[in-house]
Amino acid sequence: MFRIELTRGSSWQVPAETIDHRDCETNSIDAAVAEAKYWLVQTQKHAPARGVTHYRVVGENGTALGGPP
C-alpha cells in the first residue's frame with residue numbers, strides 16, 4: 001500500500017505544505033503514480049484555489065518513493 005500526497009511548494013521532495021492525501025491500496029508503484037498524476041490534474045483543473053503544485057507517492061515506511069520528474 002502507498003500513500004499519495006498532493007503538495008504545494010517548489011519541489012515534491014520537500015513540500016512547503018501537504019494539501020491532501022489518501023491511501024492507494026496497490027502493490028504497484030506504477031499504479032500509484034498513475035493515480036497520483038490523475039488526481040493532481042483533476043484537482044488543478046477543478047479546484048485551482050487549493051494551489052496544488054505536485055504529487056508524491058510515499059511508501060509504508062514513510063519514505064517518498066516518487067513524484068513528477
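Structure summary
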item: Search result, residues across the range 21-37 that are among the hydroxyl-bearing types (Ser, Thr, Tyr) and surrounded by fewer than 12 Cβ atoms within 10 Å (Cβ to Cβ); result: 28
item: Subset tally (residues that are of a type in the set (Lys, Arg) and within 10 Å of the chain's Cα centre (by Cα)) for the range 9-59; result: 3
item: Flag if residue 6 is at pLDDT below 95, among the aliphatic types (A, V, I, L, M) and either touching a strand residue (DSSP E or B) at 6+ places or on another chain (Cβ under 6 Å) or not in a loop (DSSP other than H, G, I, E, B) (or both); result: no
item: Residue tally, condition in a loop (DSSP other than H, G, I, E, B) and surrounded by 15 or more Cβ atoms within 10 Å (Cβ to Cβ), over the range 38-69; result: 4
item: Pair list, Cβ < 6 Å and 6+ apart or interchain, from the range 49-64 residues that are on the phi > 0 side of the Ramachandran plot to residues that are surrounded by 10 or more Cβ atoms within 10 Å (Cβ to Cβ) and charged (D, E, K, R); result: 51/8
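The values are calculated or read from the model by the stated rules, or taken from the named source; none is laboratory data. What you see is a predicted model, and the numbers here were worked out from it, not measured in a lab. Cβ atoms come from the backbone with ideal geometry, glycine included; neighbour counts cover every protein chain shown.
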